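*Asks:* Just dropping this structure here.
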Amino acid sequence: MAYQNLISELKDNILYITINREKALNALNKDTLAELADVVAFAGKTEEIRGVIITGAGEKAFVAGADIKEFSDYTGKQGEELARSGQDLVFNAIENSKKPFIAAVNGFALGGGLELAMACHIRIASENAKLGLPEVTLGLIPGYGGTQRLTQLVGKGKAIEMIITANMITAVEAEKIGLVNYVVLQTDLIGKAEEILNAIKQRAPLAVAAAIKSVIASINETDGYDTEIKEFGKCFETSDFKEGVTAFVEKRKAVFLGK
Ligand code: CO8
């Protein structure tokens, strides 16, 4: 697919998405968000895609936030609309996707950039990455789910501190508080994400999707246990379940078809 602000490439069942506005530190303007919405929907419905890696162009920034120049004269209503549509079409769509998304955080992940990383299922940061939600320096608060997802990931105390001080933290600090899963050299960043997705690619696709849905239900639904029970039951109806159990008994590697 040809996009103006993204590079998207499908290779070995992995969709690589690079946010490509390097001169603006990959800030998310409206066009980029629309393209992201499109590519996220494409990932969800394309069977061949087993996982997605999102990163930023260049070595300085993952995404330095929403495009400040674009919303500088917004009214409250426009701000609310932008936040709502962005959350629905991009951030929640990523979190609720059947495909695992990994954020490869290659530099600044600020504001909407950190929110994008937090919507992904797994985060890996390069050593030079700096993460933060600096919206209060602009007289705003996070609007793409940051107040919720940061709290879920690191707890109320750290989340409030990060949001109301607007201080950035290093990748190492982020790993310590559970905001990123791994910190690696920048040169190893995509390789680490591929290593994780290559492991996931060996697993039963429908079970992977059911597991993501059930974990996310612990946050977004009133009865996540019930979601888990239903998803657990559905797994028994899949051919992959029969294949997984048969392969175990026959002492061979399972071949999953996602059915
Ligand atoms: N938006 C637009 N342009 C940006 C952004 C951004 N978020 N970040 C950087 N840029 C641009 C700069 O304006 C500059 O452009 P130019 O060369 O034309 O002047 C270029 O990128 C390079 O940036 P700097 O010269 O500032 O680079 P530095 O190395 O000096 O500083 C920083 C790097 C620290 C990352 C700095 O650029 C910075 O502080 N950026 C802004 C970070 C920020 O505040 N992000 C949060 C934005 S608000 C947000 O994300 C809200 C999300 C919810 C929205 C809900 C809907 C409304």
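The values are calculated or read from the model by the stated rules, or taken from the named source; none is laboratory data. All values reported here derive from a predicted model rather than from experimental measurement. Positions of Cβ are generated from backbone atoms using ideal geometry, with glycine treated the same way; all protein chains shown enter the neighbour counts. Side chains included, ligands, DNA and RNA excluded: accessible areas come from the protein's heavy atoms. Shrake-Rupley method; radii C 1.70, N 1.55, O 1.52, S 1.80 Å.
*Asks:* What residues qualify as long-range amide H neighbours of Phe108, i.e. H under 5 Å apart, gap of 5 or more or another chain, H built at 1.01 Å from N?
*Replies:* Amide H neighbours of Phe108: Ala61, Phe62, Lys130.
*Asks:* By per-residue mean of other Cβ atoms within 10 Å, what is the highest-first order of 172-181, 114-123?
*Replies:* Order by mean packing, descending: 114-123, 172-181.
*Asks:* What FRET efficiency would be calculated for the residue pair Arg203, Glu80, taking the C-beta separation as r and a Förster radius of 30 Å, to the nearest 0.05?
*Replies:* Once rounded, the FRET efficiency stands at 0.15.
*Asks:* While we're here: Taking only the Cα atoms of the stretch 6-200, how large is their convex hull per residue, in Å³?
*Replies:* So the per-residue Cα hull volume is 102 Å³.
*Asks:* Using only helices, what value at 222 nm comes out for the chain when you add -39,500 (n - 2.57) per DSSP H run of length 4 or more and divide by the total residues, to the nearest 500 deg cm²/dmol?
*Replies:* -14000 deg cm²/dmol
*Asks:* Here's something else I'd like to know. Could you let me know the centre-to-centre spacing of the stretch 185-236 and the stretch 1-18, using Cα atoms, in angstrom?
*Replies:* 22
*Asks:* Using a simple spin-label model with points 7 Å from Cα along the Cα→Cβ vector, what separation in nm is obtained for Val245 and Lys156?
*Replies:* Going by the 7 Å Cα→Cβ label model, 4.4 nm.
*Asks:* How large is the accessible surface of Tyr16 in square angstrom, using a 1.4 angstrom probe and rounding to the nearest 10?
*Replies:* 40
*Asks:* Let me ask you something else. Say R0 is 22 Å: what FRET efficiency, to the nearest 0.05, do Lys230 and Leu257 get from their beta-carbon distance?
*Replies:* 0.50
*Asks:* Packing-wise, with mean Cβ within 10 Å as the measure, how do 200-213, 240-253 rank, highest first?
*Replies:* Highest-to-lowest ranking by the protection proxy: 200-213, 240-253.
*Asks:* Additional query: Answer with one residue from Gln87, Phe62, Ile17: the one whose Cα lies farthest towards the positive end of the charge dipole of the stretch 6-200, charges on Cβ with Lys, Arg +1 and Asp, Glu -1.
*Replies:* It is Gln87, whose Cα lies furthest towards the positive end.
*Asks:* Turning to a different aspect of this structure: Need the full-extension length gain, Asp223 to Asp188, defined as separation in residues times 0.36 nm minus the C-alpha distance. One decimal, nm.
*Replies:* In short, 8.7 nm is gained.
*Asks:* I've got another one for you. Compute, for the stretch 205-249, the length of the dipole vector about the Cα centre, with Cβ point charges of +1 (Lys, Arg) and -1 (Asp, Glu) only. Units Debye, rounded to 20.
*Replies:* Charge dipole, the stretch 205-249, about its Cα centre: 120 debye, nearest 20.
*Asks:* Of the heavy-atom accessible surface of the stretch 74-220 (probe 1.4 angstrom), what whole percent is carbon and sulfur?
*Replies:* Result for the stretch 74-220: 57 percent of the exposed heavy-atom area is carbon or sulfur.
*Asks:* Which of Gly51, Tyr74, Asn181 sits closest to the plus end of the dipole of the stretch 6-200, meaning its Cα is farthest towards the positive end, when Lys and Arg get +1 and Asp and Glu get -1 on the C-beta?
*Replies:* After comparing all options, I get Asn181.
*Asks:* Order the peptides 222-235, 32-45 from the highest to the lowest mean number of other Cβ atoms within 10 Å of their residues.
*Replies:* 32-45, 222-235
*Asks:* Further question: Between Glu9 and Val172, what FRET efficiency comes out of the Förster formula 1/(1 + (r/R0)^6) with R0 = 35 Å and r the beta carbon distance, rounded to 0.05?
*Replies:* Here the calculated transfer efficiency is 0.70.
*Asks:* Calculate, for the chain, the solvent-accessible area per residue in square angstrom, rolling a 1.4 angstrom probe over the heavy atoms of the protein chains.
*Replies:* That works out to 52 Å² for each residue.
*Asks:* Apply the Karplus curve 6.51 cos²θ - 1.76 cosθ + 1.60, θ = phi - 60°, to the phi angles in the stretch 222-236 and return the couplings in whole Hz, x for Gly and Pro.
*Replies:* 6, 10, x, 4, 5, 4, 4, 4, 5, 5, 4, x, 4, 4, 5
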